[in-house]
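See structure below.
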Amino acid sequence: MERIKVFVYSTKLSTLGFVDKEGAMHACAQAGSSAFTGLKHYPGAMDERYISVEEKNAIAAVEAFCKKHGFDFEIIDFAKLGFLDKMKLKRKGVKTFPAILYGEKAFHGVPTEKDLERLVKH
């Protein structure tokens, strides 16, 4: 059975440019780089990526539809895909987000139950 694919485009918000007075006075900020020696950035659950409210609503709508109708779905973050994968998806029409694909059919925006029914209809 084909899966419903929900495409989102996450954004990483940097906090490196924001320093408050208390943060600048903290011992770690005063210690230089030696306080952080050996630490690494680990991607995954600790990754600081965010999606829009519209994308969250689209995921929730697809999840509820799939539970009700017995479909599988997956969430794909367009921002984390490689160049060739992005180009293939753009040729399929994935240019705005959220985008929902099922087979060769696509829907853009937050879908209603009727929208999803039309999408999965053969």
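The values are calculated or read from the model by the stated rules, or taken from the named source; none is laboratory data. As the structure is a computational prediction, the values presented were derived from the model and not from experiment. Note that we place each Cβ from the backbone using ideal geometry, even for glycine, and neighbour counts take in every protein chain shown. We work out accessible area using only protein heavy atoms, side chains counted, and drop any ligands, DNA or RNA first. Shrake-Rupley method; radii C 1.70, N 1.55, O 1.52, S 1.80 Å.
Please indicate, with yes or no, whether at least one residue in the stretch 107-116 is assigned to a helix (DSSP H, G or I) and touching a Leu at 6+ places or on another chain (Cβ under 6 Å).
No: the stretch 107-116 contains no residue that is assigned to a helix (DSSP H, G or I) and touching a Leu at 6+ places or on another chain (Cβ under 6 Å).
Could you say which residue among A79, A106, A35 is in contact with a Cys (Cβ under 6 Å, 6 or more places away or on another chain) and at pLDDT below 95?
Of the residues listed, the single one that is in contact with a Cys (Cβ under 6 Å, 6 or more places away or on another chain) and at pLDDT below 95 is A35.
What number of residues within the stretch 82-92 are farther than 14 Å from K5 by Cα and either under 15 Å from the mean Cα position of the chain (by Cα) or surrounded by 13 or more Cβ atoms within 10 Å (Cβ to Cβ) (or both)?
The qualifying residues number 2.
With (1) open to solvent by less than 50 Å² (accessible area, probe 1.4 Å); (2) modelled with pLDDT of 90 or more; (3) of a type outside the set (G, A, S); (4) assigned to a loop (DSSP other than H, G, I, E, B) as the list, and K95 as the residue in question, which single condition is left unmet?
If we test K95 against (1) open to solvent by less than 50 Å² (accessible area, probe 1.4 Å); (2) modelled with pLDDT of 90 or more; (3) of a type outside the set (G, A, S); (4) assigned to a loop (DSSP other than H, G, I, E, B), just (1) comes out false.
Mind checking whether some residue in the stretch 50-69 is open to solvent by 90 Å² or more (accessible area, probe 1.4 Å) and either touching a Lys or Arg at 6+ places or on another chain (Cβ under 8 Å) or modelled with pLDDT under 75 (or both)?
yes
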